[in-house]
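Data block below; observations after.
Laboratory data are not the source of any read-out in this text; all were calculated from the coordinates shown. If you're wondering where the values come from, they're calculated on a predicted model, not measured in any experiment. Backbone-built Cβ (ideal geometry, glycine too); neighbour counts: all protein chains shown.
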Amino acid sequence: MKKKNQETQEDLRVGVFICDCGSNIAGHLDCTAVTEYAATLPGVVYTKENLYTCSESGIGEIQDAIRKHQLNRVVVASCSPRTHHPLFASSCAQAGMNPYLFEMVNIRDQCSWVHMGKKEVATGKAKDLVRMGVAKSVSLEPQDDIESSLVRKILVIGGGIAGLSVAESLAGMGLEVILVEKQKKLGGLLRSLNTLENGADAEERVDTLVQSVESSANISVMTAATVKKIDGYIGNYRIIVDGADGTAEEETVGCIVVASGAVPLVENGLFGHNGKDVITQMELENKLKDSSFAAASVVMIQCAGARDAQREYCSRICCMTAVKNAMIIKRQFPLASVSILYRDMQMYGDEKEQMLWDARGMGINFYVYDPQQPPEVGEGKVRFFNTVLGEPKELKSDLVVLSTPLVARRDAGDIAALMRVPTDKNGFFLEAHAKLRPLDFAADGIFICGSARYPVTSVEARTQGIGVAARVGAILFKDRLVKSAIVAEIDAESCVGCMGCLNVCPYDAIVYTREAGVCEVQEILCKGCGNCAATCPSHSAILRGYRPEQLLAQIRAI
């Protein structure tokens with residue numbers, strides 16, 4: 001493979017920008033000394049120390065320097081490339097420089113944060129890293145973004161409130177939606193609820209949303225249907241859906257949304273659960289809904305089947321649901337005795353916290369139990385150890401209600417396998433990043449919302465659905481897809497067709513062509529992880545931007 005970079009040492013004009021990051025970096029190393037040192041490096045024609053390089057003024061200084069000093073390489077030494085590399089690279093592009101000629105050095109995480117109180121050590125290491133960054137920048141090659149066509153149609157898996165909210169929002173944007181629901185009716189778990197957390201009628205709320213979706217010309221609703229096959233890539237996913245009548249429909253969609261929801265845990269025998277005098281909160285919802293509730297003394301047990309060795313997580317909505325239902329019972333039956341046994345109440349948000357205080361004011365009793373000595377249910381009584389008073393206590397109970405967690409659907413693993421997306425140890429779908437990309441999967445063009453990701457309230461599910469619609473719209477309203485050129489490539493001349501790269505590629509971006517007997521990279525699927533380049537025995541696979549000569553340049557510099 002020929003090198004694209006034909007520039008001589010005399011042609012190179014490198015600009016180096018050192019960021020103080022306020023005192024975050026400058027408080028622990030000598031940024032001025034690093035800047036002065038950078039000016040002595042080969043090829044460097046301009047250096048600048050900035051208080052905040054990522055600020056509007058800092059970006060402006062980079063762009064002005066590119067134009068004024070004809071820079072054809074830029075190195076920024078600041079914080080994490082994961083969060084700031086796209087900003088700096090795109091800013092260089094706006095100034096007329098190829099964005100792939102930009103290099104970033106992390107002197108915050110790798111210097112100031114790990115060498116606090118050792119200014120000389122941190123400064124020396126920062127100089128080393130800057131020297132390495134400049135050495136690599138010299139061998140960088142201009143690249144062109146990878147472009148692909150797209151289909152402005154979306155597959156939404158799941159017809160609960162999250163899926164309905166996604167479909168309604170996308171249809172309102174003028175995009176086509178295929179909504180696939182496994183059950184015969186839309187609405188999901190909400191159809192089993194009596195009221196929402198805000199007191200609104202759940203059935204009425206979901207019917208309004210279903211009517212809006214079913215009346216939209218942009219939404220094709222398929223109930224009693226399942227997705228059987230998914231392949232392709234962002235902008236062009238090919239899907240096969242088995243309909244209620246047994247026929248299979250093939251479609252091409254640009255994005256996929258998983259909103260398959262979760263189900264309440266029902267475990268016979270848990271605290272004596274029998275569906276009669278020991279029931280779950282969901283079963284209580286049904287009793288309140290059809291007016292079949294009749295009990296003079298009710299005891300609710302929180303964290304039943306949750307926060308234990310089998311399920312370590314908190315289901316988040318159980319405490320709110322218990323308090324909500326306890327208040328409904330107390331309003332309808334003022335003389336009823338209602339008690340809630342808990343480990344610690346998790347009432348998220350000011351409104352939910354106020355519900356807890358209102359419930360106490362209504363005469364609902366709250367007792368703390370010891371999880372090491374769980375309550376015992378039997379003979380119309382509940383016995384437990386009151387940790388506040390430090391003594392055992394016994395409550396009469398006509399009805400015991402278990403606050404069980406939402407658990408992942410049994411078919412969640414099958415759905416995950418179709419799209420090659422991950423689930424966590426509890427079976428919930430795993431987002432790309434809890435903070436930076438909470439509604440995205442690592443696979444481009446596939447999104448997650450609602451309780452399929454983690455237990456959420458109906459308000460949160462709807463909010464997440466609208467958020468996903470915005471994420472999808474940001475992709476599908478483009479004329480074409482543009483992605484980074486930092487992808488792998490395989491030299492057909494030296495590839496021996498061992499297919500070892502296929503086994504280590506997590507994105508199925510590499511295919512083996514039997515006619516030629518070699519492996520090829522599907523660039524639109526490649527995420528640039530470099531697994532293939534690191535494992536190829538014939539050194540045929542390389543990663544653009546991280547070629548051996550570029551990495552060796554850094555090694556020689558250090």
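Numbers for the structure displayed
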| read-out | value |
| --- | --- |
| In Hz, Karplus ³J(HN,Hα) per residue of the range 421-437 (6.51, -1.76, 1.60; θ = phi - 60°; x = Gly, Pro) | 10, x, 10, 8, 5, 9, x, 7, 5, 9, 6, 5, 7, 4, 9, 7, 9 |
| 3J(HN,Hα) from dihedral phi, the range 227-239, Karplus parametrisation 6.51/-1.76/1.60, rounded to Hz, x for glycine, proline | 7, 9, 8, 9, 8, x, 8, 3, x, 8, 8, 9, 10 |
| Ranked by how many other beta carbons lie within 10 Å on average, peptides 352-365, 186-199, 137-150, 297-310 from highest | 297-310, 186-199, 137-150, 352-365 |
| Amide hydrogen neighbours beyond the local backbone of residue 16, cut-off 5 Å, H modeled | 46, 47, 48, 75 |
| All Cα pairs of the chain, percent lying beyond 31 Å | 61 |
| Nearest-0.05 FRET efficiency for residue 353 and residue 312, computed from C-beta distance (R0 25 Å) | 0.55 |
| Alpha-carbon gyration tensor eigenvalues x 5, square-rooted, for the range 485-549, Å | 16, 13, 10 |
| MRE, 222 nm, helices only [DSSP H, n ≥ 4, -39500 (n - 2.57), over the chain, to nearest 500] | -9000 deg cm²/dmol |
| Spin-label model distance (nm) - residue 192 vs residue 466, 7 Å beyond Cα toward Cβ | 2.7 |
| Amide H contacts of residue 233 (H built 1.01 Å from N, under 5 Å, at least 5 apart or other chain) | 238 |
| Relative contact order of the chain, pairs being alpha-carbon contacts under 8 Å that are 6 or more residues apart, as % | 14 |
| Difference of contour (0.36 nm per residue) and Cα-Cα distance, residue 491 to residue 437 | 16.0 nm |
| Selected from 412, 432, 392, residue furthest toward positive end of dipole (the range 377-460; charges at beta carbon) | 392 |
| Out-of-range pairs (alpha-carbon distance over 24 Å; input 153/435; 182/229; 185/330; 182/276; 125/435; 276/324) | 153/435; 185/330; 182/276; 125/435 |
| Under Karplus coefficients 6.51, -1.76 and 1.60, residue-wise ³J(HN,Hα) of the range 541-558 in Hz, glycine/proline x | 8, 9, 10, 4, x, 9, 5, x, 5, 6, 5, 5, 4, 5, 5, 4, 5, 8 |
| Amide H contacts under 5 Å for residue 105, placed H, 5+ residues apart | 76, 77, 78 |
